[in-house]
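**Q** Take a look at the following structure, please.
The values are calculated or read from the model by the stated rules, or taken from the named source; none is laboratory data. Remember, predicted model here, so these are calculated numbers, not experimental data. Cβ placement follows ideal geometry from the backbone for every residue including glycine, while neighbour counts extend to all protein chains displayed.
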Amino acid sequence: MTCPQPETATRPARRFRRAAVIAALGLGLGATLAAAAAFVVVIDPLPLAETQRTSTAVVDRGGRLLRAYAMADGRWRLPAKAATAVDPTYVKLLLAYEDQRFRSHAGVDPLALVRAAYQLATTGHIVSGGSTITMQLARLLEPRQGRSFAAKLRQIVRAVEIERRFSKDEILDLYLTLAPFGGNLEGVRAASLAYFGKEPKRLSLAEAALLVALPQSPERRRLDRFPQAAHVARDRVLDRMVGEGVVAFADADAARAEAVPQFRRAMPLLAPHAADQLVASHPDTAVIRTTLDLTLQKTIEALAHDRATALGPRLSIGILVVDHDSGDILAHVGSADYFDDRRAGQVDITRAIRSPGSTLKPFIYGLAFEDGFVAPESLIDDRPIRFGSYAPENFDMTFQGTVPVRRALQLSLNVPAIALLDRVGASRLAARLRQAGASLILPRDEVPGLAMGLGGVGVSLRDLVGLYAGIARLGESVPLRELVEDAGAASEPRRLLDAAAAWQVGNVLIGTPPPENAVHGRIAFKTGTSYGYRDAWSIGFDGRYTIGVWIGRPDGAPVPGLVGRSAAAPVLFDAFARTGKLPAPLPRAPKGTLIASNAKLPLPLRRFRAAGDLMRGDGAQALHIQFPLNGSRIDTAATGDSAAPVPVKVVGGVMPLTVLVNGIAVGALDGRRQSLIDPPGPGFARLTVMDASGAADTVVVRFQ
């Protein structure tokens, strides 16, 4: 009978010899494959097109991700650089677990192949793979159809090609961009954002180990489907790193206690309106760098959402924050909630054309200061007055009497503003605002009129903020920009107001009474409410920022009680507070600026007088035609065989007063300085009144 002990005793020896043979074969195989890879020529070129395809990323001024767009096939893939975008702990674990000799081999690691073969022979299953990171990248660039010796050889050849073409850092960056992490997630940035809600710049040890484990079997370890499998794989990575001395046991033990995420987070979606517009205008740009500031954008978006929620279900809010020195838009909130259909959330209200209410008044006063016929301390009347058929009234239906110009603007009185606009000229105001870069929209076939001073024109929040930034820049406006450009591409400043006039406007507006509980004298601002309570505005500036706020319904429906001062101004002051900086002081007065009390002003500037109230040098009132108004249209309905007579009324001048139509005398005015004249017929006519001293005033009217 044969004794079994000797056979049993020889089993370890046989197992050792088998492992040694397999290891030797593996070593020989690895050397052979590596040598073959160096000489085998692949006919088709290395497929590098896939390395150029990534999700479109919109980033802030510091390169932080605001919003990303999936590729056309639905995959999320964001470029990643190991040196700047990824936590060093993750890179350390990745190389220790996947490719320890990454920095030294030429694409293929024969020792890793031997180790994999030996582990397979001694354990009966795969413990670690023999593929290098470069070989894995080759498989990602050129997916194999199946497992075969030919496919493996081709992968090795491709790995050698990749090593010859790219540096080690570039290879690692490509792997970090293309590695699969389950579902439609590719690359470590997309995975970190989807699973952890953050960029992979700062990862815990548990998070780093999890991201190392997922690409080995991305579909079987998807966190949103198989979190337990992912948990086991993560712990296996930690155990091996402890065994190899890469991670301390205590650190790994703490990492094992961390839970594994079991759902995917939404990708970042900041500044959606700005991002949509920039992607539409730059469809072939992979990374779009904006002037926005991520931290400020997130803060202002939260402010808009919270205030709109408190105001009502159909109201929306638009906010722009601008660095007025450069024209950079730092925060762009196009609506209170991008996904709220009740608020028309996908409508970018910052570009919508709306009635500006009283927000154009500062520019009327600015032109009046520039022309030199009024100063901030001049007196002006706030009393009932008519301009032809137009009789402006104040918002509260009362009148203040005689007030300083400064107070008239701070209280947003309508009558003084229209009186100044009548003197400045509505067409001139419109031309100056357009020259500064604003687009003013008037009804079809209409020309600028006095009503534009109270909101009778269309303008966008973006243009209004640009105009107010021009005041803050002492009269020079620059185009607002949202895309980072070369400094040489910046446009030249455009003239809005004289520097002294702009400073005077800012000096007046900083004294406007602030909303309740706000600090006085820090922000120069103006509010506005459009006709029918459809738009509530507040726009202001300090020495650094210009911020504009619009509140209303995007569909233009009225909102009774919606007033700029009570609704929009508190949001404006809150937005300044949330910039995180104290308001910067306004610039000093330019040289030559007139700063004086009313008593020390030159006599003509102490009190504003309308054009018809101007005084001659001898103290008499200057001649001025009060009716008809210059540029007016007069309907002369026929009475029998002749047209109805037209009244003419003047103030001032030395009697007698002669009326001329197209240079031909047609009669004289009576003692009340008025008369009726027969119209010359349909069309334009020049009407002139001349007094005894030779002074004259002329208007051009259209008879129809």
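**Q** With the structure loaded, tell me whether Arg314 is of a type in the set (Lys, Arg) and assigned to a loop (DSSP other than H, G, I, E, B) or whether it fails that test.
**A** Spelling it out, Arg314 is indeed of a type in the set (Lys, Arg) and assigned to a loop (DSSP other than H, G, I, E, B).
**Q** Could you say which residue among Leu433, Leu413, Leu420, Leu429 is within 30 Å of Thr350 (Cβ to Cβ), in contact with a strand residue (DSSP E or B) (Cβ under 6 Å, 6 or more places away or on another chain) and in the same structural domain as Val505 (by TED's automatic domain parsing)?
**A** Among Leu433, Leu413, Leu420, Leu429, only Leu413 is within 30 Å of Thr350 (Cβ to Cβ), in contact with a strand residue (DSSP E or B) (Cβ under 6 Å, 6 or more places away or on another chain) and in the same structural domain as Val505 (by TED's automatic domain parsing).
**Q** Here's another thing I want to ask about it. Among the hydrophobic types (A, V, I, L, M, F, W, C), in a helix (DSSP H, G or I), within 30 Å of Ala275 (Cα to Cα) and under 30 Å from the mean Cα position of the chain (by Cα): is that true of Ala469 in this structure?
**A** yes
**Q** Consider region 374-391. How many of its residues are under 26 Å from Tyr533 (Cα atoms) and surrounded by 21 or more Cβ atoms within 10 Å (Cβ to Cβ)?
**A** 1
**Q** Could you count how many residues in region 341-373 are within 14 Å of Gly556 (Cα to Cα), among the aliphatic types (A, V, I, L, M) and surrounded by 20 or more Cβ atoms within 10 Å (Cβ to Cβ)?
**A** 2
**Q** Moving on to the next point. Considering only region 118-155, state which residues are in a helix (DSSP H, G or I), at pLDDT below 85 and either within 13 Å of Leu46 (Cα to Cα) or touching a Cys at 6+ places or on another chain (Cβ under 8 Å) (or both).
**A** Arg154, Gln155
**Q** Looking only at region 203-217, count how many residues are at pLDDT 95 or above and surrounded by fewer than 18 Cβ atoms within 10 Å (Cβ to Cβ).
**A** 1
**Q** So, one more: Show me the strands (runs of 3 or more DSSP E) entirely contained within region 533-634 in which 1 or more residues are of a type in the set (Lys, Arg), surrounded by 21 or more Cβ atoms within 10 Å (Cβ to Cβ) and in the same structural domain as Ala344 (by TED's automatic domain parsing).
**A** So the answer is none; nothing clears 1.
**Q** Same structure again: So, in region 394-403, how many residues would count as being within 18 Å of Arg565 (Cα to Cα) and surrounded by 12 or more Cβ atoms within 10 Å (Cβ to Cβ)?
**A** Going through region 394-403 one residue at a time, the tally reaches 2.
**Q** Check Ala191 against each of (1) in contact with a Leu (Cβ under 8 Å, 6 or more places away or on another chain); (2) crowded, with 24+ Cβ neighbours inside 10 Å; (3) touching a residue at least 24 places away in the same chain (Cβ under 8 Å); (4) not polar (S, T, N, Q) and name the one condition it does not meet.
**A** Failed condition: (3).
**Q** With the structure loaded, tell me whether Glu492 is of a type in the set (D, E, K, R), touching a strand residue (DSSP E or B) at 6+ places or on another chain (Cβ under 7 Å), free of Cβ contacts under 8 Å to residues at least 60 places away in the same chain and in the same structural domain as Ser597 (by TED's automatic domain parsing) or whether it fails that test.
**A** no
**Q** Identify, from the list Ala286, Ala302, Ala280, Ala308, the residue that is out of contact with any Pro (no Cβ under 6 Å at 6 or more places or on another chain), crowded, with 22+ Cβ neighbours inside 10 Å and either more than 23 Å from Ala352 (Cα to Cα) or among the small types (Gly, Ala, Ser) (or both).
**A** Criteria check complete, one pass: Ala308.
**Q** Quick check on Val91: is it farther than 30 Å from Ile300 by Cβ, surrounded by 12 or more Cβ atoms within 10 Å (Cβ to Cβ) and among the β-branched types (Val, Ile, Thr)?
**A** Yes; evaluated as a whole, the condition is true for this residue.
**Q** Does region 682-704 hold any residues that are buried (at least 18 other Cβ atoms within 10 Å of the Cβ) and outside any strand (DSSP E or B), and which are they?
**A** Matches in region 682-704: Asp691 only.
**Q** Then there's this: Could you run through region 415-446 and say how many residues are in contact (Cβ under 8 Å) with a residue 24 or more places away in the chain and part of a loop (DSSP other than H, G, I, E, B)?
**A** Selection size over region 415-446: 4.
**Q** Now, a different point. Kindly provide the set of residues from region 350-389 that are hydroxyl-bearing (Ser, Thr, Tyr), touching a strand residue (DSSP E or B) at 6+ places or on another chain (Cβ under 8 Å) and assigned to a helix (DSSP H, G or I), ordered by number.
**A** Within region 350-389, just Thr350 meets the criteria.
**Q** With Arg53, Arg61 as the choices, which residue is touching a strand residue (DSSP E or B) at 6+ places or on another chain (Cβ under 8 Å), charged (D, E, K, R) and farther than 24 Å from Ala151 by Cβ?
**A** Matching residue, one of Arg53, Arg61: Arg61.
**Q** What is the one condition in (1) closer than 25 Å to Arg633 by Cβ; (2) part of a loop (DSSP other than H, G, I, E, B); (3) touching a residue at least 60 places away in the same chain (Cβ under 8 Å) that Val347 does not satisfy?
**A** That leaves (1) as the condition not met.
**Q** Of all the residues that make up region 241-274, how many are in contact (Cβ under 8 Å) with a residue 24 or more places away in the chain, of a type outside the set (A, V, I, L, M) and either in contact with a Pro (Cβ under 8 Å, 6 or more places away or on another chain) or over 26 Å from Val58 (Cα atoms) (or both)?
**A** Count: 6.
**Q** Right, next: Kindly indicate the residue of region 237-261 that is assigned to a helix (DSSP H, G or I) and closer than 19 Å to Val188 by Cβ and also farthest from the chain's Cα centre (by Cα) among those meeting that condition.
**A** Result: Met241.
**Q** Would you check which residues across region 270-321 are more than 11 Å from the chain's Cα centre (by Cα) and closer than 16 Å to Met71 by Cα and list them?
**A** Those that are more than 11 Å from the chain's Cα centre (by Cα) and closer than 16 Å to Met71 by Cα: Val279, Ala280, His282, Pro283, Asp284, Thr285, Ala286, Val287, Ile288.
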